[in-house]
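Please treat every number below as a calculation from the coordinates, not as lab data. Quantities reported herein were computed from a predicted structural model and do not represent experimental measurements. Ideal geometry is used to build each Cβ from the backbone, glycine not excepted, and the neighbour counts take in all protein chains shown.
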Amino acid sequence: MSQTVYDIPVTTIEGQPSSLADYRGKVLLVVNVASKCGLTTQYEGLQQLYAAKHEAGLEVLGFPANNFLGQEPGSESEIQQFCQLEYNVAFPLFAKISVAGDDVHPLYRALTEAQPAATGEGPMREKLEGLVTKYPDLVVNPAPGVLWNFEKFLIGRDGQVIARFAPDVAVDDARLVAAIDAALAV
């Protein structure tokens, strides 16, 4: 049997070995998060989504990453404290990983290979490409790589990656909500 996202080791934000197999049979929304990003307020929507749909079988899984302009500089304990104090985050968070570049975590390599294109892709990429001359440290990750913080991957109850959403697709966007509801209905 081929490897699935369930087989890839990850570490909880508390430093405990884990894997997505802990969530087998649930619908997963995997999001690379950051505390100092223009999109950080999406934590609020992610927590609301988690609260509204957790009992139906949804797990929101946050993976802090510092790949984009150093927007997640904190330690795991600082990240956890920020998420709890600022956004009352109750969904699971994991240890900081890399989601872009040469050291991309195997989970994100598997996610981007399974879903190379993101719904809603375009507007944010164009905006970022327009900022490259103003911010020399800004690197726009080429597709199919993760574009920025708060890119969302939807994994069905069977462990298959079924959808991917661009970072600027809001948590309450009808396309994302419909995809989650369809996955929960299975």
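Structure notes:
- 5 angstrom amide H check on Leu61, placed H, neighbours 5+ away: Leu29, Val30, Val31
- Taking a Cβ cut-off of under 11 Å around Ala179, the surrounding Lys, Arg, Asp and Glu residues balance to a net charge of +1, with basic ones at +1 and acidic ones at -1.
- Neighbourhood charge, 14 Å Cβ-Cβ cut-off, centred on Leu85 and excluding it, Lys, Arg +1 and Asp, Glu -1: -3
- GNM flexibility winner over the chain from Ala174, Ala100, Ala65 (Cα, springs under 10 Å): Ala174
- When the convex hull of its Cα atoms is projected in every direction, mean area for the range 124-170 (nm²): 3.9
- Rh by Kirkwood over Cα pairs, then Stokes-Einstein D for the range 1-41 at 1.002 mPa s and 20 °C, µm²/s: 174
- For the range 24-35, 3J(HN,Hα) per residue [Karplus equation, 6.51 cos²θ - 1.76 cosθ + 1.60, θ = phi - 60°, Hz, x = Gly/Pro]: 3, x, 10, 8, 10, 10, 9, 10, 7, 10, 8, 8
- For the range 5-185, the number of Lys pairs separated by eight or more positions or lying on different chains, with C-alpha atoms closer than 24 Å, is 10.
- For the chain, average projected area of the Cα convex hull in nm²: 10.1
- The amide H of Thr12, built 1.01 Å from its N in the peptide plane, has Ser18, Ala95 as neighbours under 5 Å, considering only residues 5 or more places off or on other chains.
- Dipole magnitude (debye, nearest 20) for the chain, charges at Cβ of Lys, Arg, Asp, Glu: 240
- Under 5 Å, built H, 5+ apart or other chain: amide partners of Gly38: none
- Helix-only [θ]222 nm of the chain, DSSP H runs n ≥ 4, -39500 (n - 2.57) each, per residue, nearest 500: -8500 deg cm²/dmol
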